[in-house]
Amino acid sequence: MRPIPEFQLLRPATVIEAASLLQRPGARLVAGGTDLLPNMRRGLVDPRCLIDLTSMAGFDAIEGQQGQWRLGAGVTLVTLERHTALAQALPALVQAAGQVAGPGHRSAATLGGNLCQDTRCVFYNQSAWWRDANGGCLKFQGDTCHVAPQGRHCHAAYQGDLAPALLAYGAEVEIVGTETRGRRPLADLYRDDGAAHLTLGPNEVVAAVHVPAPSAGQVSAYRKVRMRGAMDFPLAGVAVALRLEGGVLAKLAVGLSGTNSRPLRLDGTDALLGRAVDDALLEALAKLVRKQASPMRSTVTPSNHRRVVAAATAQRLVRELAGTAVAA
């Protein structure tokens, strides 16, 4: 890795000021920097100025009222990991936060940064000399996706941990821009394009995440499969939120990460409602996952392995949570 080039550091006092500063040429947002700074050292980004979001009052606030939660985008992952009330209300989110990287990373990394982190690929997250030897790639300084050389689509994978949990909860993101302010479904923050996976406008900032109150009797959890037991990105990350009524599914939401260029909330789960959690239902769930998860050769593991792992993880998590719901 190279030394980080010189840049100007700006510290806005408000989110709207931060959005306004994004109009400067070569400006980038930074909070914890756990994703951005390694990319700067690899020469993947060269911002002329960094807009430090950590000095903005209230940007890291956690507010809960009648079970509704507003989570400031600047809240650190270690704060989420250790938040007792969130662990009761949104256990999948707390579990996901606790499985990101290592303790030192989580003390700096933020909710907004995790949601907006760059996509990853074995042909992209490399040193400059390694990338130059391959002529760059479709995502950066090249014209070929080495994962799928015949196509014109970047298959770099989104590997954030928090998004699948928040998708399963039906969360919304609060967006602040120089000309816009409002909330949109978290799923709308992403597009299926590894080279440009975020839909944020050039002067827009994720200010907060809003999570609705979980329904009575809902249980949820997050499960992450990775090469190493710690400090690794997910080959497949699965979050499930479900509720049983009378021994059958009354609600089922599944979030996926690590397999596609964007995190997914699994489509088609409503067709499984009203059924008992048995082998037939779990196989139907696995088919949904295998159909919608589309991993490519962007990691060190075979793509089909990640698809199979995602399906098996979803099955196990649904079975375990259904047992918990029955016991409760």
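Expressed as a whole percent, the accessible surface of the range 216-275 that belongs to carbon and sulfur atoms is 49, based on a 1.4 Å probe. Each residue of the range 255-265 was assigned a 3J(HN,Hα) from its phi angle through the Karplus expression (A = 6.51, B = -1.76, C = 1.60, θ = phi - 60°), giving x, 10, 9, x, 10, 10, 6, 9, x, 10, 9 Hz with x at Gly and Pro. Scanning residues 5 or more positions from D60 or on other chains, those with amide H under 5 Å from its amide H are G74, with H placed 1.01 Å from N in the peptide plane. Positive-end ranking of Q218, Y124, G177 along the dipole of the chain, with charges on Cβ about the Cα centre, is headed by Y124. Sort the range 129-238 into rounded, prolate or oblate with this rule: let a ≥ b ≥ c be the square roots of the eigenvalues of the Cα gyration tensor; rounded if a/c is under 1.5, and if a/c is not under 1.5, prolate when a/b is larger than b/c, oblate otherwise. Oblate, since a/c reaches 1.5 and b/c is not below a/b. Residue-wise HN-Hα couplings along the range 9-20, as the Karplus relation 6.51 cos²θ - 1.76 cosθ + 1.60 with θ = phi - 60° gives them from phi, are 9, 10, 10, x, 8, 9, 5, 5, 5, 4, 4, 5 Hz; Gly and Pro carry x.
The HN-Hα couplings worked out from phi for the range 182-199 by the Karplus form 6.51 cos²θ - 1.76 cosθ + 1.60 (θ = phi - 60°) are x, 10, 9, x, 4, 4, 6, 6, 10, 10, 7, 8, x, 7, 8, 8, 9, 9 Hz, whole numbers, x standing for Gly and Pro. Think of each Lys and Arg Cβ as +1 and each Asp and Glu Cβ as -1; about the Cα centre, that makes the dipole of the range 59-205 roughly 160 debye. Mean sequence separation of contacting Cα pairs (under 8 Å, at least six apart), scaled by the length of the range 135-205, corresponds to a relative contact order of 26 percent.
Mean residue ellipticity at 222 nm, helices only, the chain: -8000 deg cm²/dmol; runs of at least 4 DSSP H residues each add -39,500 (n - 2.57), and the sum is divided by the number of residues. Partners of K139 within straight-line reach, counting aspartates and glutamates whose Cα lies under 16 Å from its Cα and excluding those fewer than 8 residues away in the same chain: D46, D118, D192, D193. Rounded to the nearest whole angstrom, the semi-axes of the ellipsoid equivalent to the range 41-200, taken from the Cα gyration tensor as √(5λ), stand at 31, 17, 16, largest first.
Centre-to-centre, using Cα atoms only, the range 76-114 and the range 268-328 are separated by 24 Å. For K287, a cut-off of 18 angstrom between C-alpha atoms picks up these aspartates and glutamates, skipping any fewer than 8 places away in its own chain: D267, D270, D278, D279.
Dipole size of the chain about its Cα centre, with +1 on Lys/Arg Cβ and -1 on Asp/Glu Cβ: approximately 680 debye, rounded to the nearest 20. The local environment of N203, defined by Cβ-Cβ distances under 11 Å, has a net charge of -1 under the rule Lys, Arg +1 and Asp, Glu -1.
The values are calculated or read from the model by the stated rules, or taken from the named source; none is laboratory data. All values derive from a computational prediction rather than experimental measurement. We place every Cβ from the backbone using ideal geometry, glycine too, and count neighbours over all the protein chains shown. Quick note on the areas: whole protein, heavy atoms, side chains included, nothing else; ligands and nucleic acids left out. Shrake-Rupley method; radii C 1.70, N 1.55, O 1.52, S 1.80 Å.
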